[in-house]
1. Is at least one residue of segment 566-575 over 20 Å from Arg523 (Cα atoms), of a type in the set (Val, Ile, Thr) and outside any loop (DSSP other than H, G, I, E, B)?
2. Among the numbered criteria (1) on the phi < 0 side of the Ramachandran plot; (2) without any contact (Cβ under 8 Å) to a residue 12 or more places away in the chain; (3) in a loop (DSSP other than H, G, I, E, B), which single criterion is violated by Leu459?
3. Of the residues that make up segment 539-546, is at least one within 21 Å of Pro511 (Cβ to Cβ), free of Cβ contacts under 8 Å to residues at least 12 places away in the same chain and acidic (Asp, Glu)?
4. List pairs: first residue in segment 374-393 and at pLDDT below 90 and of a type in the set (D, E, K, R), second residue surrounded by 17 or more Cβ atoms within 10 Å (Cβ to Cβ) and part of a loop (DSSP other than H, G, I, E, B) anywhere in the structure, Cβ distance under 8 angstrom, at least six positions apart or on different chains.
5. Kindly indicate whether any position in segment 639-647 is closer than 28 Å to Lys281 by Cβ, surrounded by 17 or more Cβ atoms within 10 Å (Cβ to Cβ), at pLDDT 90 or above and not assigned by TED's automatic domain parsing to the domain that holds Ile289.
6. Mind checking which residues of segment 392-415 are in contact with a His (Cβ under 7 Å, 6 or more places away or on another chain) and of a type in the set (Ser, Thr, Tyr)?
7. Are there any pairs with C-beta distances below 7 angstrom linking a residue in segment 563-587 that is within 19 Å of His538 (Cα to Cα) to a residue that is part of a loop (DSSP other than H, G, I, E, B) and polar (S, T, N, Q), with the two at least 6 apart or on different chains, and if so which?
8. With the structure loaded, tell me whether Val464 is under 23 Å from Leu435 (Cα atoms) and without any contact (Cβ under 8 Å) to a residue 40 or more places away in the chain or whether it fails that test.
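The values are calculated or read from the model by the stated rules, or taken from the named source; none is laboratory data. Computed from a prediction, not measured in an experiment: that's the story for all the values here. Please note: Cβ atoms are built from the backbone with ideal geometry, for glycine as well, and neighbour counts cover all protein chains shown.
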Amino acid sequence: MNNSPKDRLNILKKQIAEFSYEYHVLDKPSQSDAVYDGLMAELKDIESKHPELVTSDSPSQRVGNEVSKGFSSVSHVSRMLSLNDVFSEDDVTNWIARMQKLMPSQNNFSFYADVKKDGLACSLIYIDGVFNQAVTRGDGFKGEDVTDNVRTISSVPLRLRNVKETNKFLTGRLEIRGEIVMYKKDFITLNEQREKSGMELFANPRNTAAGTIRQLDSKLVATRKLHFLAYDILPENTRDISTHQEVYELLSSLSFKGAEYGAQLTDTKAISAYIDKWSQKRESLPYEIDGLVIKINQRDLYDKAGVVGKNPRAAVAFKFPAEQSTTIVKDIFVSIGRTGAATPVAILAPVKIAGSTVQMATLHNDAEIARKDIRIGDTVIVHKAGDVIPEVVEPMIKMRTGREKVFHMPINCPECSAKLIKEKAGEAIWRCPNLGCPARSQKHIEHFASKGAIDIEGLGEKNVVALIESGLVKDQADIYALTFEQIRKLDRFADVSAQKLIDAIKDKKNPPLERLIFGLGIRHVGIQTAIDLANTFHSIEGLQQASLEDIAAVNGVGDVVAESIVAWFSDQKNQELLDKFKNLHVIAKHAQKAKGPLSGLKFAITGSLIEMSRDIAADQIRGLGGVFQSALGKDTDYLVVGENVGATKLKKANEYGTKQVDEKSFIKMLA
């Protein structure tokens, strides 16, 4: 199954070369930067372990990128360099240590940092303060002359501003370097226009900006809203500017955008705070950034540190944790959930995504695996955003070797050997029908004790497994029969932790009715449905005795959910479970529906919130009398728009006429 390091390197080199051509020459990447970075990281890892395999044609040995055809080539007076990437604060600390070792006599250097704009690097040349030429980075030594196209960008001053601070820079040659970007809102608008016209949609703002600048028709370029964001100045006399902080101050005086977020930083503590700040605020910027640039502030020391390959030693690019990367599917197994759902799960070669190490990802069902054609042994693209469960996006078919294996869904449950079934024709999910399946029992108990349900502190997955394996717990009700003496005998517990768990269980002996209903794990019953049922029937007994018609009539329930609820209460084992709760004096409390300023209003949330989690936001909405909806519907009154939102959801809200509010406005509504 596994390829030799040499074979794997050859596969990686071929794929990376193809992506590099798409990105740098055609300006039509088929994958995200994160996918390219993931493959490159694997290649460098193999080469570091097997240096004898490093060849001159390896992407790791490339100095620059090819200059595309269609524009005249221009040599840079001063080479345009790229930066070494770092991926953690430890990497930044190690870089600083290298700088201090390189220049031991210079102990007082400071740093300058800025957000790293994700655009097309470009150099603007001014002669006597007048715009003369624009050249792309190209391979660093030579770039493309795109003067006519850049002239159409309104944020590029055709004549530099003449004030006291800038006067001495307006004679002779002055070079301004920066990034050409497209703002996110303009990118969305452009794609909406293309969609209406039946045209192919652009992939991302960065490549749209790069592709636009390389158009041979300047009139077309002028119709697209581009911006030039400056980050450096190269005067004829390098002594005229002593620090990068001065560069940024001068850029603003010369009438350039892009210097707004630069900051001088004195030490690692300040750098860490800057990283934290922009890790949280990056989505609030009008343009895309893929990290931060951190450099030694003093320009003479910066130059003294020198260059290695195409990278200056005295600067690094801190990359934010990518939400996508590539890895290998080592195997696929089937996990049985609390409702009996048999879900294929991919075991992955460990890879760091969105700040955490990912080793498994859901594959949903066998039909989805077949649709995406995911095989054991495939190199795949994996996506993970925040706390979202990792997902395999697609296999990289061109990297297949012929050794990959097609996955086949097992006939029997891997936990209890019961034959897997599909309850209804056309259903995508296979299920284990055995209610006594040990996997189902464990997941039921974990769900019951989870934060969203009864919220029993200290009863996470590992402790649930310990209690089940000891024979002390077989179902949710058994939790309430546990004693201090029983728990303290288990390996995972000491006297203090055992008492804490007993106290936590006792504290949740009279849970809110909606949490108990949700905690029972009835299929299709989420927390909002549980709230609606509690407000309608007021007790477990009331819900148990309700007719199918009465349950289906509850707002937001319907026939399918009602059938699932009636089936659950009709099952003999579930009736025994409820009797067990009664005998252990577990009695749910029902509080009348909260009334408040949000009464009668329905809210949905899209994107991620900064100030609070989605669960906390939902609780606050309910606490003020409102209704939280997990999905946007025609009856939704407000859509709370967080960060990193897809255009499709906003479009749907516009179609429904749903009022949209940002997080700040939403928080004011909660006050």
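1. Within segment 566-575, none of the residues are over 20 Å from Arg523 (Cα atoms), of a type in the set (Val, Ile, Thr) and outside any loop (DSSP other than H, G, I, E, B).
2. (2)
3. Yes - at least one qualifying residue is present in segment 539-546.
4. Lys384/Glu323; Lys384/Ala354; Lys384/Pro390; Glu391/Lys384
5. Looking for residues that are closer than 28 Å to Lys281 by Cβ, surrounded by 17 or more Cβ atoms within 10 Å (Cβ to Cβ), at pLDDT 90 or above and not assigned by TED's automatic domain parsing to the domain that holds Ile289, one finds at least one in segment 639-647, hence yes.
6. If the condition is that a residue be in contact with a His (Cβ under 7 Å, 6 or more places away or on another chain) and of a type in the set (Ser, Thr, Tyr), then no residue fits.
7. Close Cβ pairs satisfying both conditions: Ile587/Asn510.
8. yes
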